[in-house]
Amino acid sequence: MATEGEYESVLCVKPDVNVYRIPPRSSNRGYRAADWKLDAPDWTGRMRVTARGKVAYIKLEDKISGELFAQAPVEEYPGITVETVSDSSRYFVIRIQDDSGRSAFIGIGFGDRGDSFDFNVALQDHFKWVKQDNEIIKQSQAPDSGPKLDLGFKEGQTITLNIGQARKKEKPRPQSTGGFGLLPPPPGGKIAPPPSSSGLSNHNTESLTGDGSTGCLLELDSSNSNSMPQSNPSTDLWGDFSTPASSLPPPAQQQSSSSNWVQF
């Protein structure tokens, strides 16, 4: 039963409900609405379904004044407090109870099938919540029967922690932009500077003076070229073909000059 201090919540309200006196049940086959006087209900009013704690209350009240006509405390559903009839879904049998503890069974009915559906769902939802709450309480009170996971250290067991030792970051390797990259210089090596112009001139001089016969030929060639008469730069390099042969020096003079070159 509900205890003092618990608040009361409203689960469902239906403005029109009919109440019937029902005959005693003659067999175990259940109640039938066809045995009631459906055309002449014994009372008509408003029904309000409330909940206080785990107990639901079906209250039949006057439409105008709200005076309580009867109420039925419901501790489980489906159960003996609220039963359905076998021949209709709009009629139920409930057990009402007064403050002195006396109880009686009466029949109630709704004019609309949707009202009877709402009444049924309101009770189902409430006791579904009650069932879940009871399971949570049982699980919290019952000891854990499953195997427990032992995460403690065994005797003699140790663990090592490396704190403050960060990993060395690897230097990224340079990537070449083209297909053939330049090789890096050897470690500790130096690149030789290019040869100077003086070195090149000395090298050429040594190569020229290395052989004596070759040097003489070059000297003769250079003296010959210097002793040759130079033509006028303004004239054609090939000379003037119209010049007479008398202007050329005689062959004997040419040979003597050549012998002088050789003796030198």
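The values are calculated or read from the model by the stated rules, or taken from the named source; none is laboratory data. Here the structure is a predicted model, which means the values were calculated and not measured. Glycine gets a Cβ as well: all are built from the backbone with ideal geometry, and neighbour counts include every protein chain shown. When the accessible area is computed, the model is the full protein with side chains, heavy atoms only, and any ligands, DNA or RNA have been set aside. Shrake-Rupley method; radii C 1.70, N 1.55, O 1.52, S 1.80 Å.
Laid out as a table, the results:
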| item | result |
| --- | --- |
| Residue check for residue 39: open to solvent by 80 Å² or more (accessible area, probe 1.4 Å), at pLDDT below 95 and part of a strand (DSSP E or B) | no |
| Matching residues, the stretch 1-36, being farther than 25 Å from residue 111 by Cβ, surrounded by fewer than 13 Cβ atoms within 10 Å (Cβ to Cβ) and of a type in the set (Gly, Ala, Ser) | 5, 9, 26, 27 |
| Residue within the stretch 76-97 that is over 15 Å from residue 30 (Cβ atoms), more than 57 Å from the chain's Cα centre (by Cα), loosely packed, with under 14 Cβ neighbours inside 10 Å and modelled with pLDDT under 95 present | no |
| Of all residues making up the stretch 85-102, the number that are without any contact (Cβ under 8 Å) to a residue 40 or more places away in the chain and of a type outside the set (Lys, Arg) | 9 |
| Matching residues, the stretch 42-66, being open to solvent by less than 20 Å² (accessible area, probe 1.4 Å) and either closer than 17 Å to residue 98 by Cα or among the aliphatic types (A, V, I, L, M) (or both) | 47, 49, 50, 51, 55, 56, 58, 60, 61 |
| Which numbered condition residue 69 fails, given (1) open to solvent by less than 60 Å² (accessible area, probe 1.4 Å); (2) among the aromatic types (Phe, Trp, Tyr); (3) out of contact with any Pro (no Cβ under 6 Å at 6 or more places or on another chain); (4) assigned to a strand (DSSP E or B) | (1) |
| Members of the stretch 5-36 found to be in contact (Cβ under 8 Å) with a residue 24 or more places away in the chain and assigned to a loop (DSSP other than H, G, I, E, B), listed by number | 6, 7, 21, 22, 29, 30, 31, 32, 36 |
